[in-house]
Every structure is written in structure tokens, then in C-alpha cells.
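Participant: Please see the structure below; I have some questions.
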Amino acid sequence: MQPLASLSNGSIPSSAPTSTTKNPALNMLGPSIGGLVGLIAFLFIVWCCRSKKKKKISSADSPLCAISYAQLLEVRDQAKSLFKDDYEEKTMRDVNEAIIKPVCQSTRKSYAASKNPDGLKLKVFVSHSWDEPIGEFIDSIEKAFEYSLEKPTFWICAFSLLQGNFEEIQAQLGLGDIPLHESPFVRALKSAEKYLVVRNRNTDLCERIWVICEFMYARKFKFIPSKTIISGPNHFVHTTISCLDAKSFNKEDKAKILKVLLTKHSYSQIDEFIASIKEGALVGSFDGEDIGEPDGVLRGPGVDEEVGTTEGTLVGTFDGDDVSEI
């Protein structure tokens with residue numbers, strides 16, 4: 001014990017603890033806590049980025065859910081190998097059950113998203129029928145772009161939507177909860193550069209309400225006539241059908257589509273417009289762009305008449321209606 005005199009001069013015994021003395025445990029814990037916080041922050045940022053990217057490319061109506069030209073031809077080769085002698089008679093429905101749906105159910109993604117995990121932006125939106133022969137369908141697309149040096153990517157509903165049961169399909173369409181213009185079909189069409197209509201020998205495209213809907217929105221977005229291509233055999237040019245009689249897998253879809261379309265136009269105006277497309281009543285040229293045969297005219301397989309759509313006048317237009325309106 002130090003004498004009192006040593007305390008009276010203001011000095012502090014060397015054995016007494018001071019406020020500046022550092023605890024060795026804290027010295028080690030401080031950097032550890034800081035590093036842990038930094039690691040957590042980094043992992044959170046990475047998770048957010050991946051979640052955002054995953055959501056973007058897996059969304060059913062995303063413009064990134066396209067299939068490439070080469071991938072489409074691969075499906076044709078796979079179908080030929082699978083169906084063999086029955087290939088010529090197999091339709092898109094058969095290919096969906098045997099090739100597309102198994103991929104969708106195993107990955108829980110659309111076929112396009114499964115094949116392109118980083119996403120693939122569409123360039124061409126395709127209107128078609130599920131009852132078409134698959135060989136004829138793909139051949140018609142190949143014919144439409146055979147002279148294009150750079151082959152486009154395609155948004156085709158069979159490949160771009162997750163194929164499953166009725167509930168899974170309706171969940172993607174969401175027509176009970178969202179406006180028609182926010183449906184996957186309309187949002188994809190709006191993001192496209194070109195609009196391709198693929199006809200077939202089995203069924204009239206215009207007997208389906210969704211195809212009519214796509215025609216009308218293609219008009220709204222000014223794809224018709226200058227950015228539209230028509231391919232495939234023109235077997236139903238002289239058949240007539242009204243939009244009121246068009247079919248739909250879900251009657252509620254038809255009701256919602258007609259409610260929107262008939263707000264701006266009468267059913268007879270819509271029917272007249274659809275008939276003009278069926279007749280290929282479009283004249284002019286493709287802005288000098290080489291997108292079909294050398295003369296700029298597209299012809300479907302086995303079809304001799306001119307069927308391509310071009311920049312010019314559309315017969316049977318809506319009495320001067322503003323084309324920006326549906």
C-alpha cells in the first residue's frame with residue numbers, strides 16, 4: 001500500500017484501472033461484428049438481385065420469354081423423331097402434351113424460360129391455332145424468314161406460357177383480376193417488333209376469340225399493315241364467322257374480350273376488319289425490307305396467291321376510326 005503522501009500530489013497508483021484501458025475481448029469482437037454485418041449486407045444485396053432477375057425472366061407475360069429460331073427447329077426435329085410416321089398429322093396440342101408440358105412441369109417454368117434461363121427477348125409475336133399440324137406450322141415460320149440473314153426470336157403462347165392444368169393457365173392469364181391490356185398476350189405483342197400470323201389447313205384462325213383479340217390489338221399498336229407478316233396455307237379465305245360466335249377455352253375469357261372490343265366498335269365492324277385480313281387485302285411493299293420472298297411477297301407452303309401484309313391501304317377499315325384505339 002502506497003503512503004497517503006503519494007496520493008495527495010494527484011498521482012494515481014499504477015495498479016488502479018483507468019478509463020482508457022482496453023478490454024482485449026472487445027478488441028477482438030469489434031472487427032468480427034463489423035465483418036459479419038458487412039457479409040450479411042453483401043448477401044442481402046446478392047439475394048435481392050437474383051430475386052429480381054428470377055422474377056423478370058420467369059414472368060409469364062415477360063418479353064424475355066421468347067424461343068429462338070434454332071430452338072423452334074429443334075422442336076420440329078424432336079417431334080419427327082418422337083412421332084415418326086404420324087408426324088404429319090400431329091398438332092400443336094400433341095407436341096404440347098409430349099414435349100412442352102413435361103419440361104414445364106419439371107422446371108415449373110415455361111418451355112422458353114427453361115431453355116433460356118437468362119431470358120430471351122422476343123422480336124416476333126405469333127398468332128396461330130393449337131389445332132395446326134406442327135410440321136406445317138414450323139415450316140410456315142421457316143418459309144417466312146428463309147431470306148432473313150438474322151433469324152428472329154418468337155413469342156408463341158405454347159412455348160412462352162407455363163403449360164399445365166386449367167388453374168395454372170388461368171393464373172397466368174389473370175383475366176379475372178387484371179385488365180385485358182395487361183394480359184400476357186397483349187403485353188408481349190406490345191413489346192414485339194413484328195407480328196406474324198400463321199394460318200393452317202385444319203382450322204380457321206378467326207374462329208378463336210383470342211386470335212381476334214390479337215388482331216385488334218395488333219391494329220391498335222400499329223402492326224397492321226406495315227409490320228405484319230402472314231404465312232401458311234390460305235384454306236379459309238372464303239369462310240365467314242362473326243366475333244360473336246368465336247370460340248374460347250374459357251367462356252369468361254370470351255366475355256371479357258368482347259366487352260372490351262365492343263366498347264369501341266360494333267361486332268359488324270370487327271367482322272369486316274377480320275375478313276379483310278383473311279383475304280390478304282393489303283397492298284404496298286415491306287418498306288424495302290427483305291423479309292420474305294425476293295419480290296417482298298410472302299407465300300405460305302403450297303399457296304400461289306399473294307398473302308403477305310404490306311405498308312399501304314387496308315380494305316375494310318373502321319370508317320376512319322383512330323387506329324390508336326382498340
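Participant: Which condition breaks for Ile134 when tested against (1) in contact (Cβ under 8 Å) with a residue 60 or more places away in the chain; (2) closer than 23 Å to Thr91 by Cβ?
Facilitator: Of (1) in contact (Cβ under 8 Å) with a residue 60 or more places away in the chain; (2) closer than 23 Å to Thr91 by Cβ, only one is false for Ile134: (1).
Participant: With touching a residue at least 60 places away in the same chain (Cβ under 8 Å), among the charged types (D, E, K, R) and over 21 Å from Phe215 (Cα atoms) as the only criterion, which of Lys109, Lys101, Lys123 stands out?
Facilitator: On the way: Lys109 fails: touching a residue at least 60 places away in the same chain (Cβ under 8 Å); Lys123 fails: over 21 Å from Phe215 (Cα atoms).
After applying the criteria, what remains is Lys101.
Participant: Return yes when Lys220 is touching a strand residue (DSSP E or B) at 6+ places or on another chain (Cβ under 7 Å) and under 27 Å from Ala275 (Cβ atoms) and no when it is not.
Facilitator: Values: touching a strand residue (DSSP E or B) at 6+ places or on another chain (Cβ under 7 Å): no; under 27 Å from Ala275 (Cβ atoms): yes.
Considered against the rule, which asks whether it is touching a strand residue (DSSP E or B) at 6+ places or on another chain (Cβ under 7 Å) and under 27 Å from Ala275 (Cβ atoms), Lys220 comes out as no.
Participant: Going by the structure shown, is Lys247 farther than 21 Å from Glu132 by Cβ, within 23 Å of the chain's Cα centre (by Cα) and basic (Lys, Arg)? Steps first, answer last, please.
Facilitator: Working: farther than 21 Å from Glu132 by Cβ: no; within 23 Å of the chain's Cα centre (by Cα): yes; basic (Lys, Arg): yes.
Judged against the criteria, Lys247 is not a match.
Participant: Still on this structure: Just to verify a result, which residue in region 163-201, among those that are touching a His at 6+ places or on another chain (Cβ under 9 Å) and in contact (Cβ under 8 Å) with a residue 40 or more places away in the chain, is farthest from Lys123 (Cα to Cα)? If you could, list the steps in order and put the result at the bottom.
Facilitator: First, pick out the residues of region 163-201 that are touching a His at 6+ places or on another chain (Cβ under 9 Å): 187, 190, 196-201.
With in contact (Cβ under 8 Å) with a residue 40 or more places away in the chain added as a condition, the list becomes 187, 196-201.
On the way: Arg187: 13, Leu196: 10, Val197: 14, Val198: 16, Arg199: 19, Asn200: 22, Arg201: 26 Å.
Result: Arg201.
Participant: Right, another one. From Lys190, Lys222, grab the single residue that is of a type in the set (D, E, K, R), more than 18 Å from Lys247 (Cβ to Cβ) and in a loop (DSSP other than H, G, I, E, B). So that I can check it myself, show each step before the final result.
Facilitator: On the way: Lys190 fails: in a loop (DSSP other than H, G, I, E, B).
Answer to the check: Lys222.
Participant: Name the single residue that is modelled with the lowest pLDDT among those in region 65-81 being closer than 17 Å to Thr107 by Cα and either surrounded by fewer than 13 Cβ atoms within 10 Å (Cβ to Cβ) or not small (Gly, Ala, Ser) (or both).
Facilitator: Going through region 65-81, the residues closer than 17 Å to Thr107 by Cα turn out to be 65-67.
Add one more test, that the residue is either surrounded by fewer than 13 Cβ atoms within 10 Å (Cβ to Cβ) or not small (Gly, Ala, Ser) (or both), and what stays is 65, 67.
On the way: Cys65: 94, Ile67: 97.
By that ranking, first place goes to Cys65.
Participant: Which is modelled with pLDDT under 90 and of a type outside the set (Ser, Thr, Tyr), of Leu149, Leu161, Leu173?
Facilitator: Values: Leu149 fails: modelled with pLDDT under 90; Leu161 fails: modelled with pLDDT under 90.
That would be Leu173, the only listed residue that is modelled with pLDDT under 90 and of a type outside the set (Ser, Thr, Tyr).
Participant: A further question follows. Of the residues Pro294, Pro301, which single one is at pLDDT below 60, exposed (fewer than 15 other Cβ atoms within 10 Å of the Cβ), more than 19 Å from Arg199 (Cα to Cα) and not charged (D, E, K, R)?
Facilitator: Values: Pro301 fails: more than 19 Å from Arg199 (Cα to Cα).
Within the list Pro294, Pro301, the selection yields Pro294.
Participant: Which of the residues that make up region 60-88 are in a loop (DSSP other than H, G, I, E, B) and not acidic (Asp, Glu)?
Facilitator: Residues of region 60-88 that are in a loop (DSSP other than H, G, I, E, B), as a first pass: 60-64, 66.
Within region 60-88, Ala60, Ser62, Pro63, Leu64, Ala66 qualify.
Participant: Could you grab the pairs with beta carbons closer than 9 Å, sequence gap of 6+ or different chains, first residue in region 240-251 and under 8 Å from Glu207 (Cα atoms) and buried (at least 17 other Cβ atoms within 10 Å of the Cβ), second one aromatic (Phe, Trp, Tyr) and at pLDDT 90 or above?
Facilitator: Qualifying pairs under 9 Å: Cys243/Tyr267; Ala246/Trp210.
Participant: So which residues in region 241-266 are more than 22 Å from Gln170 (Cα to Cα), in a loop (DSSP other than H, G, I, E, B) and of a type outside the set (Ser, Thr, Tyr), if there are any at all?
Facilitator: Result: Ile241, His265.
Participant: Which condition number does His235 fail, the rest of (1) surrounded by 17 or more Cβ atoms within 10 Å (Cβ to Cβ); (2) assigned to a loop (DSSP other than H, G, I, E, B) being met?
Facilitator: Against the list (1) surrounded by 17 or more Cβ atoms within 10 Å (Cβ to Cβ); (2) assigned to a loop (DSSP other than H, G, I, E, B), His235 comes up short only on (1).
Participant: Same structure, new question: Please state which one of Ala113, Ala144 is surrounded by 17 or more Cβ atoms within 10 Å (Cβ to Cβ), of a type outside the set (Lys, Arg) and over 17 Å from the mean Cα position of the chain (by Cα). Can you show your working first?
Facilitator: Values: Ala113 fails: over 17 Å from the mean Cα position of the chain (by Cα).
So the residue among Ala113, Ala144 that is surrounded by 17 or more Cβ atoms within 10 Å (Cβ to Cβ), of a type outside the set (Lys, Arg) and over 17 Å from the mean Cα position of the chain (by Cα) is Ala144.
Participant: From the list Glu168, Glu150, Glu132, Glu193, pick out the single residue that is among the charged types (D, E, K, R) and buried (at least 19 other Cβ atoms within 10 Å of the Cβ). Explain how you work it out, then say what you get.
Facilitator: On the way: Glu168 fails: buried (at least 19 other Cβ atoms within 10 Å of the Cβ); Glu150 fails: buried (at least 19 other Cβ atoms within 10 Å of the Cβ); Glu193 fails: buried (at least 19 other Cβ atoms within 10 Å of the Cβ).
Unique residue meeting the criteria: Glu132.
The values are calculated or read from the model by the stated rules, or taken from the named source; none is laboratory data. Predicted model, so just to flag it, every value in this text is computed and none were measured. No Cβ is skipped: glycine too gets one built from the backbone with ideal geometry, and neighbour counts run over all protein chains shown.
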